[in-house]
Amino acid sequence: MSRIRVHQHVNPLARHYLFISPPLNLKEIFANPDLPVHLDIGSARGRFLLSMAELDKETNFIGLEIRRVLVDEANRIARERNLTNLHYEFTNVLVSLKSLLQDFPENILKTITIHFPDPWFKKRHAKRRMITDENASILAFHLAKGGRIFLQTDVEFLAEEIAGKFREIKNLKEISITESPFPVKTEREKAVEAKGKPIYRFMFEKI
Ligand SMILES: C[S@@+](CC[C@H](N)C(=O)[O-])C[C@H]1O[C@@H](n2cnc3c(N)ncnc32)[C@H](O)[C@@H]1O
């Protein structure tokens with residue numbers, strides 16, 4: 001698998017990223033559009049979803065990512081491996097989440113993962129963070145009953161900030177966890193674990 005050179009971060013508030021993506025059409029992107037959906041926000045090179053889609057053919061996986069070259073390369077690999085249950089979308093979650101999910105059938109979205117939703121640590125960059133109050137509500141609204149949101153990051157204050165937004169949503173119940181429930185680690189997760197740094201993990205279930 002070749003590695004491509006890409007910008008480390010892009011500013012989601014830059015004018016050319018303020019486009020609204022059209023609604024995701026599950027019939028167009030998946031061979032079996034009726035399968036439950038796992039949505040990964042900030043999928044980067046997409047290797048977590050690639051392995052998950054190979055392991056679980058009864059789920060459709062969607063990765064949302066703002067760095068286009070990563071999305072194109074990840075979709076190329078998914079096609080090469082004939083993974084008809086995997087799709088990556090070039091989008092800016094900060095402005096497009098509502099539109100992207102608007103045509104999802106009720107109760108299809110069973111899992112949402114937010115792995116290391118960094119990098120905007122500085123206070124003056126807070127407006128660039130993709131999990132806003134509005135996005136937390138949109139995610140909770142579309143999540144299926146019994147569906148789960150999983151969040152992990154090594155940046156403690158960001159973990160608390162985002163978890164706090166989900167805690168305020170009435171029909172979400174927090175489930176205490178320490179380990180990831182997934183059989184696959186993300187690239188950032190592996191890197192952080194290799195450094196021996198702590199990872200803060202949270203899970204919420206829709207009741
Ligand atoms: C620190 S990386 C983590 C990547 C991966 N989830 C992992 O755990 O290895 C965060 C990712 O979120 C993406 N991202 C940040 N803001 C975004 C936005 N507004 N819309 C879509 N993707 C975004 C970044 O481009 C980056 O790929």
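The values are calculated or read from the model by the stated rules, or taken from the named source; none is laboratory data. Please read these numbers as outputs of a predicted model, since none were measured by experiment. For neighbour counting, all protein chains shown are included, and Cβ atoms are generated from backbone atoms with ideal geometry for every residue, glycine included.
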Please find, among SER99, SER21, the residue that is in contact with a Leu (Cβ under 8 Å, 6 or more places away or on another chain) and either at pLDDT below 95 or farther than 28 Å from LYS190 by Cβ (or both). SER21
Mind listing whichever residues of the stretch 46-71 are hydroxyl-bearing (Ser, Thr, Tyr) and farther than 17 Å from ILE29 by Cβ? SER51
For the stretch 175-188, indicate whether the set of residues that are among the acidic types (Asp, Glu), in contact with a His (Cβ under 7 Å, 6 or more places away or on another chain) and under 18 Å from MET52 (Cβ atoms) is non-empty. no
Pairs, first modelled with pLDDT of 95 or more in the stretch 116-141, second surrounded by 13 or more Cβ atoms within 10 Å (Cβ to Cβ) and polar (S, T, N, Q), C-beta under 6 Å, six or more apart: PHE116/THR153
Whichever residue in the stretch 131-144 is touching a strand residue (DSSP E or B) at 6+ places or on another chain (Cβ under 7 Å) and not in a helix (DSSP H, G or I) and, among such residues, is farthest from SER99 (Cα to Cα): ALA144
Restricting the stretch 45-86 to residues that are farther than 28 Å from LYS145 by Cα and within 9 Å of the ligand (Cβ to nearest atom), the residue that is surrounded by the fewest Cβ atoms within 10 Å (Cβ to Cβ): ARG67
Scanning the stretch 163-183 for residues that are within 16 Å of the ligand (Cβ to nearest atom) and either crowded, with 17+ Cβ neighbours inside 10 Å or at pLDDT below 95 (or both) gives LYS165, SER180, PHE182
Somewhere in the stretch 101-112, is a residue outside any helix (DSSP H, G or I), out of contact with any helix residue (DSSP H, G or I) (no Cβ under 8 Å at 6 or more places or on another chain), within 16 Å of the ligand (Cβ to nearest atom) and polar (S, T, N, Q)? yes
Filtering the stretch 184-207 down to residues that are assigned to a loop (DSSP other than H, G, I, E, B) and touching a Phe, Trp or Tyr at 6+ places or on another chain (Cβ under 6 Å), which residue is surrounded by the most Cβ atoms within 10 Å (Cβ to Cβ)? THR186
Among the residues of the stretch 184-207, the number that are in contact (Cβ under 8 Å) with a residue 12 or more places away in the chain and away from the ligand (no atom under 15 Å from the Cβ) is 6
